[in-house]
1. Select, from 663, 655, the only residue that is over 22 Å from residue 951 (Cα atoms), out of contact with any strand residue (DSSP E or B) (no Cβ under 6 Å at 6 or more places or on another chain) and surrounded by fewer than 24 Cβ atoms within 10 Å (Cβ to Cβ).
2. If you check residue 17 against the conditions, is it part of a loop (DSSP other than H, G, I, E, B), in the same structural domain as residue 196 (by TED's automatic domain parsing) and modelled with pLDDT under 85?
3. Need a quick list: helices (runs of 4 or more DSSP H) entirely within region 1157-1246 having at least 1 residues that are under 27 Å from residue 989 (Cβ atoms) and at pLDDT below 90.
4. With the structure loaded, tell me whether residue 493 is touching a strand residue (DSSP E or B) at 6+ places or on another chain (Cβ under 9 Å) and either at pLDDT below 95 or buried (at least 18 other Cβ atoms within 10 Å of the Cβ) (or both) or whether it fails that test.
5. Take residues that are within 45 Å of the chain's Cα centre (by Cα) and without any contact (Cβ under 8 Å) to a residue 40 or more places away in the chain and tell me which of the strands (runs of 3 or more DSSP E) falling wholly in region 384-472 contain 1 or more.
6. For the structure I just gave you, tell me whether residue 117 is buried (at least 16 other Cβ atoms within 10 Å of the Cβ), within 29 Å of residue 556 (Cα to Cα) and in contact with a helix residue (DSSP H, G or I) (Cβ under 6 Å, 6 or more places away or on another chain).
7. Kindly list the number of the only condition in (1) farther than 22 Å from residue 984 by Cβ; (2) at pLDDT below 95 that fails for residue 363.
8. For region 1062-1122, give me every one of the helices (runs of 4 or more DSSP H) that falls completely inside it and has 1 or more residues that are modelled with pLDDT of 85 or more and more than 29 Å from residue 148 (Cα to Cα).
């Protein structure tokens, strides 16, 4: 091929959305690259001429247009006149684009490739094609006709990022050299010279850049050059790889992709021998891994429907769900005894029209014959008898409480059925043939009916005539909230607002360019949001009656659904590209902020729903799955607007109750966990300053700025003063057994109050003259009470009272005020922290100081003792955080053991820290920072594990709960709650396998331990597919009624006559892949007659598919059995999945036997079958563990065989189960399961 016959030397094909910068960089580097003279002499004259001029490379910068004119008139001619094609693969290259009416089209990259190939096959193209893997590209996934060629010698630019464009790193050298060599046809023997010259050129640029800055900052620049040189010299070292992955992982978190962030972080850590727990691992990489885990929202994938899932309803706490699919099925999902959500019951709907009552878990469906079928999975009586409506159903709706059903008939009949009456409550006096939608008004006793003729009817059940409201077109949907706010949408892309009870003329509140797909009102009625096919969402403030904000949840992608969180602070959009986008709309005075993108669906999202507690999101998609998400992550806490202005909080000893108090608003509020739902609140005359609550939540105690101690009887709301004159009350605590309350204030006395009577009665214990009291605490066994006090600049003291013997000990030694006291779990030691720069550990029984931790004089605070009592944390001047290991030998009877900073682990000294706390029973230390964040460090090494983020307001105080939750109250009055993943407390060596376990992606198992099991040899025969499990397309219970596989692509050389008798088998497979079942069957029969046993698998697969469509499965069983008798690979797992197509439990037992036999031969389907049986039918923790282990083995085997799509399916199942299990157990099982890959002991091993 002569390049001179083409106008362009290369054409760059890429998706503008995520590959623009990479494409521009590649063109720039190719045009500027200089080939060394010794290589240039060896090239052809044509290539030398190309080098002398600038290579002409077509790079189109236009975004894809709805019209094909530009593509046909501009792009295709440039392709025809290009000597080679360079294709950049990124995630967007695999996506479809949507027209104005929502129709799907191939993207321009796919069409450019197809046009370039013409009629030629991908591996027989007349002009060369270079395939580049850009950021996010996945091996084995090629768009359009590139997938015809099973293997591409692709060029790796996956590590390309904006960060690298600003540095002089050599991470992209190999890819660039391969591209240059291809463009200039450089012989392979010269590649080392090209690499050497590129390295020299980069170093030259580094020196030039450094020299230019030398006149300004000579010393700094010299150090930077030295650092770059050191980085270059150690490019392959673990430290550099870890550092790079840490940066890239942080970038992915900023892009709101925690799964990819975790994958990148794991890629940067050299996977240790996980049996050796003392293997050193770089701290920054561990931080990146742990922080990515803390931000993962994925909780599971539900696969059972054979078609798109139209809607899913979750119960209050996410332990059950109902999904309705386009396959005409409704499925009830339940989780019992810590197991995953799994199908418990299933029903066939009466027709396409349906509604779900979320309050009562009832599904109603309407038939064309006029019957309304009811289905309540947990109450068969409700499902027994259908409702006779009398005409074909057009729409159904439930009232909010689920007690009423509204029905609209195709001929215009409208009626309301009452469950309570078991009869129709109301029937419209006349037909409304133009009716198009119906919805209940929660508090108006009415039904709102939209019509296709431009009117909206409000039917009150006690009136004979409706209220008629004008509309600008056909009403397509309507919603009404508890406040009577009604929003409806018309087919001219407008949204309208009116309200009960006066029903004023509707006000136009939104106008979109394309169809409005969804509308929602926030639970408190503050906001309205509309979503549209134009990719825009519009927010409307109901109170101000003005449009607040226009936001774009995605770039040029339709918004298909919208819903609010139960607290109204978050709005979540479902998109046409399968992504969910969450936005913070809590502050009406600020712009909405996108907080999260939930990725995983492979097609448009049809429905998004929150559970009532706000802890779960369920998304339903065209891809036939329901995805479950936990929206509360390290970056996205649960937020409650508790108070107006600065506030603080305390919890009961058992962690069940939380009490918050606000200074400016003088309000005290009681909440119940774990979701911190407010139960009662009161308003005080004076500002609260300290709080406590009993374990049963019946009584709360409030210290005030005035110096009073108040008892609040929660049930009666009575407030009683039980102590006065204490000065500002700064600390309160209740004994673990709930018998005693202690309070201390600046009035130089401690109040000890007995709680054995309905009204507490208090005794006063005086402190030293002029001393201010600071802190009180009980020992864990409840015997000891500690209190701290002091006089600034003079002295400090601590006292311990024995509540059994009524005796006291004064802890002498501090020279400044003592701010805190904590007891260890054994109740034998106490620690005090003082402004004299020391923390002192005391033997409680003797009152003797046994250990002294010293900093320079200044404010010292402490988190007390770790759960095991071996570690103490201190913070000096709110800045220097240290961990101290307390020696077992603690000194003589006369002198304490003195420890200075050199004996500690420095955790942090570069951020202001307000408060530190140890986690209950975990190896975590939390520190609240003055910028409104909370850092979590691992004990004992002090490695940063995660950063919990908020809206930036500083915290008044923080609590670390027994449940693993952390709560904090900010100076803006917000209560925030984070759930801390237990895996963060694991050691480094255990954290890595735990992290791989929860990553729901294929490739998550990789690492050194995978070398012998995951890598496929390039020397494998090109026709190896003949022995693999992905012959044919059998149904598979893990993916619904039909297997989620891409039809097999047959390599060209495998269809030649050289295959001998296997030629007929290949021709049968080819016909099956093309959907020609008749030809496939003929070829398989002929191949089987020649003794080809694999043909029996092909015949069985064809019969299996026919069986799913209503024919008998007996023929498939016979074919698979004959294949098994001939020891044909994968016949056993085929029989197992065939048996599972039936519902009989005895089939499950037989299927397990087949799966076990197939698994011993390394069959991926066998492992998947074993895992699926244990997950679906298991009842114990052992069953869950077996399922988890076998999903790991199945994923490894699928990846080994190149079936990455199904590998990702089982990876999601594995990740979902990992979240249900103990973190340490998950880590150990992962290591064990990886270690048994390929061995016979793997089957059914735990």
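The values are calculated or read from the model by the stated rules, or taken from the named source; none is laboratory data. This structure is a prediction, so every number in the text was calculated from the model and none was measured. FYI the Cβ positions are ideal-geometry reconstructions off the backbone, even for glycines, and counts take in every protein chain you see.
1. Sole residue among the options that is over 22 Å from residue 951 (Cα atoms), out of contact with any strand residue (DSSP E or B) (no Cβ under 6 Å at 6 or more places or on another chain) and surrounded by fewer than 24 Cβ atoms within 10 Å (Cβ to Cβ): 655.
2. It is false that residue 17 is part of a loop (DSSP other than H, G, I, E, B), in the same structural domain as residue 196 (by TED's automatic domain parsing) and modelled with pLDDT under 85.
3. Output list reads 1181-1200, 1204-1218, 1223-1235.
4. Answer is yes for this residue.
5. Those strands (runs of 3 or more DSSP E) span 404-409, 414-418, 423-427, 446-451, 455-460, 467-470.
6. Spelling it out, residue 117 is indeed buried (at least 16 other Cβ atoms within 10 Å of the Cβ), within 29 Å of residue 556 (Cα to Cα) and in contact with a helix residue (DSSP H, G or I) (Cβ under 6 Å, 6 or more places away or on another chain).
7. The failed condition is (2).
8. Correct list: 1077-1089.
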